[in-house]
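Following: one structure in C-alpha coordinates, then a few remarks.
The values are calculated or read from the model by the stated rules, or taken from the named source; none is laboratory data. Keep in mind that what you see is a predicted model, and the values were worked out from it rather than measured. Positions of Cβ are backbone-derived with ideal geometry, glycine not excepted, and every protein chain shown enters the neighbour counts. Keep in mind that these areas ignore ligands, DNA and RNA; they rest on the heavy atoms of the full protein, side chains included. Shrake-Rupley method; radii C 1.70, N 1.55, O 1.52, S 1.80 Å.
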Amino acid sequence: MKRRISIFLSALCIIILLVHLFSLYNAKTRHNELKTLLLAQHDEHMQAVQNLDAKVSAIDKAVAAGFEHNGYALRGLESGQRSLSGRLSTMNGHLSSDLAAVSRGQAALAAALKETGIRSQDPKDDLFVQSLFRKGQEYFADERYAQAAVSMADVLSLAPDYHEARLIHAVAWYRENPLDSGRREEIRADLAALVSRDPHNILALETLGSMALEEQDWRRARQYYQRLIGLDGRNIEYSRMFVVACRAEGAVEEAEEEITLLLQDDPGNPRYLLYRGEALEKQGEYGQAFTFYEASYRRDPAYLPALLGAARTAVQTGNYLRAGELLSSPSVPKNHTICNLLAECSKNLGDGENAITWWEKAAASLTLNTPEDTKKACACYVRIARYSFEAADYEGALEAAGKGLRLAGNPELHLIKAKALLETGRTAQAKEELSLVVQSEADLLLNEEARKLLESLEGDDG
(Lines give C-alpha, C1' and ligand atoms only; values in the text may rest on other atoms or scores of the structure.)
Protein backbone atom coordinates (compact mmCIF):
# COMPACT_ATOMS: atom_id res chain seq x y z
CA MET A 1 0.00 0.00 0.00
CA LYS A 2 2.77 2.35 0.94
CA ARG A 3 4.56 1.42 -2.23
CA ARG A 4 1.54 2.34 -4.38
CA ILE A 5 1.15 5.68 -2.63
CA SER A 6 4.82 6.42 -3.19
CA ILE A 7 4.55 5.56 -6.90
CA PHE A 8 1.39 7.73 -7.22
CA LEU A 9 3.06 10.74 -5.59
CA SER A 10 6.14 10.34 -7.81
CA ALA A 11 3.99 10.25 -10.89
CA LEU A 12 2.08 13.30 -9.72
CA CYS A 13 5.29 15.23 -9.16
CA ILE A 14 6.53 14.28 -12.64
CA ILE A 15 3.24 15.48 -14.16
CA ILE A 16 3.44 18.81 -12.27
CA LEU A 17 7.06 19.26 -13.40
CA LEU A 18 6.13 18.58 -17.01
CA VAL A 19 3.27 21.12 -16.83
CA HIS A 20 5.61 23.74 -15.38
CA LEU A 21 8.23 23.02 -18.10
CA PHE A 22 5.54 23.34 -20.78
CA SER A 23 4.44 26.75 -19.33
CA LEU A 24 8.04 28.01 -19.35
CA TYR A 25 8.38 26.94 -22.96
CA ASN A 26 5.21 28.77 -23.97
CA ALA A 27 6.29 31.96 -22.11
CA LYS A 28 9.66 31.90 -23.81
CA THR A 29 7.98 31.43 -27.18
CA ARG A 30 5.64 34.43 -26.58
CA HIS A 31 8.59 36.54 -25.41
CA ASN A 32 10.49 35.84 -28.60
CA GLU A 33 7.43 36.71 -30.70
CA LEU A 34 6.91 39.97 -28.80
CA LYS A 35 10.60 40.85 -29.17
CA THR A 36 10.40 40.22 -32.91
CA LEU A 37 7.27 42.43 -33.16
CA LEU A 38 8.87 45.27 -31.16
CA LEU A 39 12.01 45.15 -33.33
CA ALA A 40 9.86 45.37 -36.45
CA GLN A 41 7.91 48.35 -35.08
CA HIS A 42 11.15 50.07 -34.04
CA ASP A 43 12.54 49.62 -37.57
CA GLU A 44 9.33 51.16 -39.00
CA HIS A 45 9.51 54.17 -36.62
CA MET A 46 13.15 54.79 -37.44
CA GLN A 47 12.35 54.69 -41.12
CA ALA A 48 9.53 57.26 -40.56
CA VAL A 49 11.88 59.54 -38.62
CA GLN A 50 14.46 59.31 -41.41
CA ASN A 51 11.78 60.18 -43.97
CA LEU A 52 10.62 63.17 -41.81
CA ASP A 53 14.22 64.40 -41.50
CA ALA A 54 14.55 64.25 -45.25
CA LYS A 55 11.35 66.27 -45.71
CA VAL A 56 12.46 68.90 -43.14
CA SER A 57 15.80 69.26 -44.92
CA ALA A 58 13.98 69.73 -48.21
CA ILE A 59 11.72 72.40 -46.64
CA ASP A 60 14.73 74.21 -45.13
CA LYS A 61 16.39 74.29 -48.52
CA ALA A 62 13.19 75.62 -50.12
CA VAL A 63 12.79 78.33 -47.47
CA ALA A 64 16.42 79.37 -47.82
CA ALA A 65 15.97 79.57 -51.56
CA GLY A 66 12.78 81.64 -51.06
CA PHE A 67 14.54 84.06 -48.74
CA GLU A 68 17.35 84.45 -51.20
CA HIS A 69 14.90 85.04 -54.02
CA ASN A 70 12.90 87.61 -51.94
CA GLY A 71 16.12 89.37 -50.97
CA TYR A 72 17.02 89.73 -54.63
CA ALA A 73 13.48 91.03 -55.30
CA LEU A 74 13.60 93.55 -52.44
CA ARG A 75 17.00 94.81 -53.51
CA GLY A 76 15.66 95.17 -57.01
CA LEU A 77 12.61 97.09 -55.72
CA GLU A 78 14.78 99.45 -53.65
CA SER A 79 17.00 100.05 -56.64
CA GLY A 80 13.92 100.78 -58.77
CA GLN A 81 12.58 103.21 -56.14
CA ARG A 82 15.88 105.08 -55.98
CA SER A 83 15.96 105.28 -59.74
CA LEU A 84 12.35 106.53 -59.90
CA SER A 85 12.99 109.07 -57.13
CA GLY A 86 16.00 110.38 -59.00
CA ARG A 87 14.01 110.71 -62.21
CA LEU A 88 11.16 112.51 -60.40
CA SER A 89 13.62 114.88 -58.78
CA THR A 90 15.20 115.58 -62.15
CA MET A 91 11.77 116.15 -63.73
CA ASN A 92 10.80 118.49 -60.88
CA GLY A 93 13.98 120.45 -61.39
CA HIS A 94 13.29 120.71 -65.11
CA LEU A 95 9.69 121.80 -64.42
CA SER A 96 10.82 124.48 -61.96
CA SER A 97 13.42 125.63 -64.45
CA ASP A 98 10.79 125.75 -67.22
CA LEU A 99 8.39 127.73 -65.02
CA ALA A 100 11.11 130.18 -64.13
CA ALA A 101 12.04 130.48 -67.80
CA VAL A 102 8.40 131.12 -68.73
CA SER A 103 8.19 133.77 -66.01
CA ARG A 104 11.40 135.45 -67.22
CA GLY A 105 10.20 135.24 -70.80
CA GLN A 106 6.89 136.86 -69.97
CA ALA A 107 8.63 139.58 -67.97
CA ALA A 108 11.05 140.23 -70.83
CA LEU A 109 8.17 140.28 -73.32
CA ALA A 110 6.26 142.75 -71.16
CA ALA A 111 9.32 144.98 -70.91
CA ALA A 112 9.89 144.81 -74.66
CA LEU A 113 6.26 145.63 -75.39
CA LYS A 114 6.44 148.55 -72.98
CA GLU A 115 9.52 149.94 -74.74
CA THR A 116 7.90 149.66 -78.15
CA GLY A 117 4.74 151.32 -76.88
CA ILE A 118 2.60 148.32 -77.71
CA ARG A 119 0.00 147.63 -75.02
CA SER A 120 0.44 144.12 -73.66
CA GLN A 121 -2.36 141.67 -73.02
CA ASP A 122 -3.78 141.62 -69.49
CA PRO A 123 -1.74 138.89 -67.68
CA LYS A 124 -4.96 137.58 -66.18
CA ASP A 125 -6.03 136.56 -69.70
CA ASP A 126 -2.88 134.50 -70.19
CA LEU A 127 -3.75 130.80 -70.46
CA PHE A 128 -0.80 129.78 -68.29
CA VAL A 129 -1.79 132.28 -65.56
CA GLN A 130 -5.40 131.12 -65.74
CA SER A 131 -4.26 127.52 -65.37
CA LEU A 132 -2.21 128.37 -62.27
CA PHE A 133 -5.13 130.35 -60.82
CA ARG A 134 -7.62 127.52 -61.35
CA LYS A 135 -5.23 125.06 -59.75
CA GLY A 136 -4.90 127.38 -56.73
CA GLN A 137 -8.69 127.66 -56.51
CA GLU A 138 -8.98 123.86 -56.50
CA TYR A 139 -6.39 123.56 -53.73
CA PHE A 140 -8.21 126.23 -51.70
CA ALA A 141 -11.59 124.52 -52.14
CA ASP A 142 -10.01 121.22 -50.98
CA GLU A 143 -8.56 123.04 -47.94
CA ARG A 144 -5.01 122.37 -49.12
CA TYR A 145 -4.03 125.86 -48.15
CA ALA A 146 -0.24 125.59 -48.44
CA GLN A 147 -0.46 124.42 -52.07
CA ALA A 148 -3.10 127.08 -52.77
CA ALA A 149 -0.82 129.80 -51.40
CA VAL A 150 2.13 128.58 -53.50
CA SER A 151 0.00 128.48 -56.68
CA MET A 152 -1.32 131.98 -56.06
CA ALA A 153 2.20 133.23 -55.37
CA ASP A 154 3.17 131.95 -58.85
CA VAL A 155 0.14 133.76 -60.29
CA LEU A 156 1.11 137.01 -58.56
CA SER A 157 4.69 136.74 -59.82
CA LEU A 158 3.25 136.90 -63.34
CA ALA A 159 0.25 139.16 -62.66
CA PRO A 160 0.90 141.34 -59.56
CA ASP A 161 -2.45 143.15 -59.95
CA TYR A 162 -4.51 139.97 -59.96
CA HIS A 163 -6.61 140.88 -56.90
CA GLU A 164 -8.55 137.63 -56.68
CA ALA A 165 -5.26 135.73 -56.56
CA ARG A 166 -3.93 138.07 -53.85
CA LEU A 167 -7.07 137.47 -51.78
CA ILE A 168 -6.80 133.68 -51.93
CA HIS A 169 -3.02 133.90 -51.37
CA ALA A 170 -3.48 135.92 -48.15
CA VAL A 171 -6.40 133.87 -46.79
CA ALA A 172 -4.69 130.55 -47.62
CA TRP A 173 -1.50 131.53 -45.79
CA TYR A 174 -3.53 132.61 -42.77
CA ARG A 175 -5.60 129.43 -42.65
CA GLU A 176 -2.53 127.25 -43.12
CA ASN A 177 -0.91 128.70 -40.00
CA PRO A 178 -2.96 131.27 -38.06
CA LEU A 179 -0.19 131.62 -35.47
CA ASP A 180 2.54 132.58 -37.95
CA SER A 181 3.27 136.08 -36.69
CA GLY A 182 5.93 136.58 -39.36
CA ARG A 183 3.37 136.68 -42.18
CA ARG A 184 0.51 138.18 -40.18
CA GLU A 185 1.25 141.84 -40.93
CA GLU A 186 1.75 141.14 -44.63
CA ILE A 187 -1.55 139.22 -44.74
CA ARG A 188 -3.36 141.98 -42.85
CA ALA A 189 -1.98 144.66 -45.19
CA ASP A 190 -3.05 142.70 -48.30
CA LEU A 191 -6.55 142.08 -46.94
CA ALA A 192 -6.98 145.68 -45.79
CA ALA A 193 -5.99 146.89 -49.26
CA LEU A 194 -8.50 144.51 -50.84
CA VAL A 195 -11.28 145.70 -48.49
CA SER A 196 -10.39 149.28 -49.26
CA ARG A 197 -10.74 148.47 -52.94
CA ASP A 198 -13.89 146.36 -52.43
CA PRO A 199 -15.71 147.14 -49.13
CA HIS A 200 -18.11 144.23 -49.76
CA ASN A 201 -15.41 141.57 -49.94
CA ILE A 202 -16.84 139.05 -47.46
CA LEU A 203 -13.90 136.60 -47.45
CA ALA A 204 -11.43 139.40 -46.65
CA LEU A 205 -13.68 140.81 -43.89
CA GLU A 206 -14.21 137.35 -42.37
CA THR A 207 -10.48 136.73 -42.24
CA LEU A 208 -9.73 140.15 -40.75
CA GLY A 209 -12.45 139.55 -38.14
CA SER A 210 -10.98 136.17 -37.18
CA MET A 211 -7.52 137.69 -36.89
CA ALA A 212 -8.84 140.47 -34.64
CA LEU A 213 -10.60 137.95 -32.36
CA GLU A 214 -7.45 135.83 -32.05
CA GLU A 215 -5.42 138.93 -31.20
CA GLN A 216 -8.14 140.00 -28.73
CA ASP A 217 -8.48 143.28 -30.57
CA TRP A 218 -12.15 143.47 -29.65
CA ARG A 219 -12.77 146.94 -31.13
CA ARG A 220 -11.59 145.90 -34.60
CA ALA A 221 -13.41 142.57 -34.35
CA ARG A 222 -16.65 144.39 -33.57
CA GLN A 223 -16.13 146.69 -36.56
CA TYR A 224 -15.48 143.85 -39.00
CA TYR A 225 -18.39 141.70 -37.85
CA GLN A 226 -20.70 144.70 -37.81
CA ARG A 227 -19.82 145.27 -41.46
CA LEU A 228 -20.40 141.57 -42.22
CA ILE A 229 -23.81 141.71 -40.51
CA GLY A 230 -24.63 144.68 -42.72
CA LEU A 231 -23.75 142.58 -45.79
CA ASP A 232 -25.51 139.41 -44.64
CA GLY A 233 -27.83 139.96 -41.67
CA ARG A 234 -29.11 136.38 -41.79
CA ASN A 235 -25.72 134.86 -41.04
CA ILE A 236 -25.97 133.68 -37.41
CA GLU A 237 -22.22 133.18 -37.12
CA TYR A 238 -21.55 136.88 -37.76
CA SER A 239 -24.02 137.83 -35.03
CA ARG A 240 -22.48 135.34 -32.61
CA MET A 241 -18.94 136.62 -33.21
CA PHE A 242 -20.13 140.22 -32.84
CA VAL A 243 -21.68 139.38 -29.46
CA VAL A 244 -18.46 137.60 -28.39
CA ALA A 245 -16.42 140.70 -29.23
CA CYS A 246 -18.88 143.00 -27.43
CA ARG A 247 -18.83 140.79 -24.30
CA ALA A 248 -15.04 140.69 -24.25
CA GLU A 249 -14.93 144.48 -24.55
CA GLY A 250 -17.41 144.81 -21.67
CA ALA A 251 -20.14 146.21 -23.89
CA VAL A 252 -22.51 143.27 -24.30
CA GLU A 253 -25.49 145.62 -23.94
CA GLU A 254 -24.57 147.10 -27.34
CA ALA A 255 -25.33 143.76 -29.01
CA GLU A 256 -29.05 143.72 -28.18
CA GLU A 257 -30.25 143.22 -31.75
CA GLU A 258 -27.75 140.44 -32.42
CA ILE A 259 -28.65 138.63 -29.18
CA THR A 260 -32.32 138.84 -30.17
CA LEU A 261 -31.44 137.32 -33.55
CA LEU A 262 -29.52 134.50 -31.88
CA LEU A 263 -32.42 133.71 -29.56
CA GLN A 264 -34.85 133.73 -32.46
CA ASP A 265 -32.65 131.18 -34.19
CA ASP A 266 -32.18 128.99 -31.10
CA PRO A 267 -34.47 130.07 -28.19
CA GLY A 268 -33.24 127.40 -25.77
CA ASN A 269 -29.52 127.86 -26.27
CA PRO A 270 -28.00 128.32 -22.76
CA ARG A 271 -25.23 130.53 -24.10
CA TYR A 272 -27.62 132.91 -25.86
CA LEU A 273 -29.81 133.10 -22.75
CA LEU A 274 -26.69 133.99 -20.79
CA TYR A 275 -25.91 136.78 -23.27
CA ARG A 276 -29.37 138.25 -22.74
CA GLY A 277 -28.95 138.05 -18.96
CA GLU A 278 -25.58 139.81 -19.16
CA ALA A 279 -26.99 142.58 -21.32
CA LEU A 280 -29.89 143.14 -18.91
CA GLU A 281 -27.57 143.09 -15.89
CA LYS A 282 -25.39 145.73 -17.56
CA GLN A 283 -28.50 147.88 -17.93
CA GLY A 284 -29.39 147.45 -14.25
CA GLU A 285 -32.39 145.21 -14.97
CA TYR A 286 -31.40 142.68 -12.30
CA GLY A 287 -34.78 140.97 -11.96
CA GLN A 288 -35.07 140.29 -15.70
CA ALA A 289 -31.41 139.34 -15.86
CA PHE A 290 -31.97 136.77 -13.10
CA THR A 291 -34.81 135.22 -15.14
CA PHE A 292 -32.57 134.68 -18.17
CA TYR A 293 -29.60 133.50 -16.12
CA GLU A 294 -31.75 130.94 -14.32
CA ALA A 295 -33.30 129.79 -17.60
CA SER A 296 -29.81 129.24 -18.97
CA TYR A 297 -28.76 127.38 -15.82
CA ARG A 298 -31.84 125.13 -15.88
CA ARG A 299 -31.09 124.08 -19.46
CA ASP A 300 -27.47 123.33 -18.59
CA PRO A 301 -26.82 122.88 -14.84
CA ALA A 302 -23.09 122.48 -15.55
CA TYR A 303 -22.88 125.92 -17.19
CA LEU A 304 -21.09 127.80 -14.41
CA PRO A 305 -21.32 131.36 -15.90
CA ALA A 306 -25.14 131.04 -15.91
CA LEU A 307 -25.20 129.82 -12.31
CA LEU A 308 -22.94 132.65 -11.16
CA GLY A 309 -25.02 135.20 -13.05
CA ALA A 310 -28.20 133.90 -11.42
CA ALA A 311 -26.59 134.02 -7.97
CA ARG A 312 -25.14 137.48 -8.54
CA THR A 313 -28.45 139.00 -9.67
CA ALA A 314 -30.31 137.14 -6.91
CA VAL A 315 -28.07 138.98 -4.41
CA GLN A 316 -28.66 142.26 -6.24
CA THR A 317 -32.44 141.76 -5.96
CA GLY A 318 -32.28 140.72 -2.30
CA ASN A 319 -33.08 137.05 -2.95
CA TYR A 320 -30.27 135.87 -0.67
CA LEU A 321 -31.81 132.49 0.06
CA ARG A 322 -31.92 131.51 -3.63
CA ALA A 323 -28.42 132.88 -4.18
CA GLY A 324 -27.14 130.77 -1.28
CA GLU A 325 -28.83 127.66 -2.68
CA LEU A 326 -27.22 128.18 -6.08
CA LEU A 327 -23.75 128.88 -4.71
CA SER A 328 -23.84 125.99 -2.24
CA SER A 329 -23.98 123.49 -5.10
CA PRO A 330 -21.05 121.00 -4.93
CA SER A 331 -20.25 121.76 -8.57
CA VAL A 332 -19.46 125.40 -7.79
CA PRO A 333 -15.76 126.00 -7.03
CA LYS A 334 -15.40 127.90 -3.78
CA ASN A 335 -13.06 130.60 -5.08
CA HIS A 336 -12.69 134.20 -3.90
CA THR A 337 -15.74 135.51 -5.80
CA ILE A 338 -18.05 132.67 -4.71
CA CYS A 339 -16.97 132.85 -1.06
CA ASN A 340 -17.58 136.61 -1.01
CA LEU A 341 -21.07 136.15 -2.44
CA LEU A 342 -21.85 133.44 0.12
CA ALA A 343 -20.61 135.74 2.90
CA GLU A 344 -22.88 138.51 1.61
CA CYS A 345 -25.84 136.11 1.62
CA SER A 346 -25.08 134.91 5.15
CA LYS A 347 -24.69 138.46 6.43
CA ASN A 348 -28.00 139.57 4.99
CA LEU A 349 -29.73 136.44 6.31
CA GLY A 350 -28.50 137.33 9.80
CA ASP A 351 -25.89 134.57 10.04
CA GLY A 352 -22.88 136.67 11.01
CA GLU A 353 -20.74 133.76 12.14
CA ASN A 354 -21.13 132.03 8.78
CA ALA A 355 -20.47 135.31 6.96
CA ILE A 356 -17.12 135.69 8.75
CA THR A 357 -16.26 132.06 7.91
CA TRP A 358 -16.91 132.67 4.20
CA TRP A 359 -14.85 135.88 4.20
CA GLU A 360 -11.99 134.01 5.80
CA LYS A 361 -12.31 131.29 3.13
CA ALA A 362 -12.35 133.98 0.44
CA ALA A 363 -9.04 135.35 1.76
CA ALA A 364 -7.56 131.85 2.10
CA SER A 365 -8.46 130.97 -1.50
CA LEU A 366 -5.98 133.55 -2.81
CA THR A 367 -2.33 132.67 -3.45
CA LEU A 368 -1.04 136.18 -2.52
CA ASN A 369 1.53 135.88 -5.31
CA THR A 370 0.45 139.18 -6.86
CA PRO A 371 -0.31 142.64 -5.46
CA GLU A 372 -3.88 142.24 -6.74
CA ASP A 373 -4.37 139.04 -4.71
CA THR A 374 -2.93 140.68 -1.61
CA LYS A 375 -5.29 143.61 -2.03
CA LYS A 376 -8.30 141.28 -2.37
CA ALA A 377 -7.33 139.30 0.74
CA CYS A 378 -6.89 142.51 2.71
CA ALA A 379 -10.37 143.63 1.58
CA CYS A 380 -11.83 140.39 3.05
CA TYR A 381 -10.36 141.24 6.45
CA VAL A 382 -11.70 144.79 6.14
CA ARG A 383 -15.20 143.31 5.77
CA ILE A 384 -14.67 141.01 8.76
CA ALA A 385 -13.32 143.84 10.92
CA ARG A 386 -16.12 146.21 9.89
CA TYR A 387 -18.84 143.62 10.55
CA SER A 388 -17.32 142.56 13.89
CA PHE A 389 -17.05 146.16 15.07
CA GLU A 390 -20.66 146.88 14.08
CA ALA A 391 -21.68 143.75 16.01
CA ALA A 392 -19.75 145.05 19.07
CA ASP A 393 -17.28 142.16 18.79
CA TYR A 394 -14.28 144.41 19.37
CA GLU A 395 -11.77 141.64 19.95
CA GLY A 396 -12.89 140.00 16.72
CA ALA A 397 -12.50 143.35 14.95
CA LEU A 398 -8.98 143.77 16.39
CA GLU A 399 -8.01 140.24 15.30
CA ALA A 400 -9.29 140.77 11.73
CA ALA A 401 -7.64 144.20 11.51
CA GLY A 402 -4.33 142.69 12.63
CA LYS A 403 -4.49 139.97 9.96
CA GLY A 404 -5.35 142.47 7.26
CA LEU A 405 -2.61 144.91 8.28
CA ARG A 406 -0.03 142.14 8.07
CA LEU A 407 -0.93 141.95 4.38
CA ALA A 408 -1.15 145.65 3.56
CA GLY A 409 -1.27 149.05 5.26
CA ASN A 410 -4.97 149.71 4.82
CA PRO A 411 -6.19 153.06 6.33
CA GLU A 412 -9.68 151.73 7.07
CA LEU A 413 -8.23 148.82 9.05
CA HIS A 414 -6.14 151.27 11.08
CA LEU A 415 -9.28 153.31 11.78
CA ILE A 416 -11.38 150.26 12.78
CA LYS A 417 -8.54 149.05 14.98
CA ALA A 418 -8.30 152.50 16.63
CA LYS A 419 -12.03 152.58 17.34
CA ALA A 420 -11.98 149.03 18.73
CA LEU A 421 -9.02 149.98 20.96
CA LEU A 422 -10.94 152.99 22.22
CA GLU A 423 -13.94 150.81 23.01
CA THR A 424 -11.72 148.50 25.05
CA GLY A 425 -10.00 151.38 26.90
CA ARG A 426 -6.62 151.33 25.14
CA THR A 427 -6.42 155.03 24.27
CA ALA A 428 -2.66 155.33 23.74
CA GLN A 429 -2.62 152.55 21.15
CA ALA A 430 -5.73 154.02 19.53
CA LYS A 431 -3.95 157.38 19.08
CA GLU A 432 -1.07 155.66 17.28
CA GLU A 433 -3.48 153.99 14.87
CA LEU A 434 -5.37 157.29 14.27
CA SER A 435 -2.09 159.07 13.56
CA LEU A 436 -1.29 156.49 10.88
CA VAL A 437 -4.65 157.15 9.22
CA VAL A 438 -4.09 160.92 9.24
CA GLN A 439 -0.60 160.53 7.81
CA SER A 440 -1.72 158.23 5.00
CA GLU A 441 -4.05 160.80 3.35
CA ALA A 442 -5.32 157.97 1.16
CA ASP A 443 -9.02 158.60 1.79
CA LEU A 444 -10.35 162.07 2.65
CA LEU A 445 -13.38 160.76 4.57
CA LEU A 446 -11.30 158.33 6.64
CA ASN A 447 -8.71 161.01 7.16
CA GLU A 448 -11.31 163.48 8.40
CA GLU A 449 -12.88 160.95 10.78
CA ALA A 450 -9.49 160.02 12.23
CA ARG A 451 -8.55 163.69 12.65
CA LYS A 452 -11.76 164.45 14.55
CA LEU A 453 -11.23 161.47 16.86
CA LEU A 454 -7.67 162.61 17.59
CA GLU A 455 -8.78 166.14 18.33
CA SER A 456 -11.47 164.79 20.66
CA LEU A 457 -8.96 162.62 22.52
CA GLU A 458 -6.50 165.52 22.85
CA GLY A 459 -9.30 167.72 24.15
CA ASP A 460 -10.13 165.11 26.75
CA ASP A 461 -6.49 164.99 27.79
CA GLY A 462 -6.40 168.77 28.09
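With the structure loaded, tell me whether residue 343 is closer than 22 Å to residue 276 by Cβ and hydrophobic (A, V, I, L, M, F, W, C) or whether it fails that test. Here the answer is no, as residue 343 does not meet what is asked. Given the structure, is residue 321 surrounded by fewer than 21 Cβ atoms within 10 Å (Cβ to Cβ), within 24 Å of residue 360 (Cβ to Cβ) and modelled with pLDDT of 90 or more? The answer is yes for residue 321. Restricting the first member to segment 173-198 and to residues that are farther than 18 Å from residue 163 by Cα, and the second to residues that are aromatic (Phe, Trp, Tyr) and open to solvent by less than 40 Å² (accessible area, probe 1.4 Å), the beta-carbon pairs closer than 6 Å and six or more apart or on different chains are 175/145; 176/145. Does segment 377-384 include one or more residues that are β-branched (Val, Ile, Thr), within 51 Å of the chain's Cα centre (by Cα), closer than 27 Å to residue 332 by Cβ and at pLDDT below 90? Scanning segment 377-384, I find no residue that is β-branched (Val, Ile, Thr), within 51 Å of the chain's Cα centre (by Cα), closer than 27 Å to residue 332 by Cβ and at pLDDT below 90, so the answer is no.
Given the condition assigned to a helix (DSSP H, G or I), buried (at least 17 other Cβ atoms within 10 Å of the Cβ) and among the acidic types (Asp, Glu), answer yes or no: does some residue in segment 345-358 qualify? Checked against the condition, which is being assigned to a helix (DSSP H, G or I), buried (at least 17 other Cβ atoms within 10 Å of the Cβ) and among the acidic types (Asp, Glu), segment 345-358 yields no hits at all.
Cβ-Cβ distances below 8 Å connect the following pairs, each with a first residue in segment 346-369 that is at positive phi, a second residue that is surrounded by 15 or more Cβ atoms within 10 Å (Cβ to Cβ), and a separation of six or more residues or different chains: 368/374; 368/377; 368/407. The residue that is nearest to residue 409 (Cα to Cα), counting only those in segment 425-446 that are part of a helix (DSSP H, G or I) and open to solvent by 60 Å² or more (accessible area, probe 1.4 Å), is 436. Residue pairs whose Cβ atoms lie under 8 Å apart, separated by 6 or more positions or on different chains, with the first residue in segment 395-419 and outside any helix (DSSP H, G or I) and the second at pLDDT 90 or above, are 408/374; 408/375; 408/378; 410/378; 410/382; 410/404. Figure legend. Inter-residue proximity from segment 268-286: first residues farther than 13 Å from residue 246 by Cβ, second residues in a helix (DSSP H, G or I) and among the β-branched types (Val, Ile, Thr), beta-carbon distance below 8 Å, spacing 6+ or different chains. Indicated pairs: 272/259; 277/291; 277/313; 281/313; 286/313.
Residues in segment 361-378 that are assigned to a helix (DSSP H, G or I) and surrounded by 15 or more Cβ atoms within 10 Å (Cβ to Cβ): 361, 362, 363, 373, 374, 376, 377, 378.
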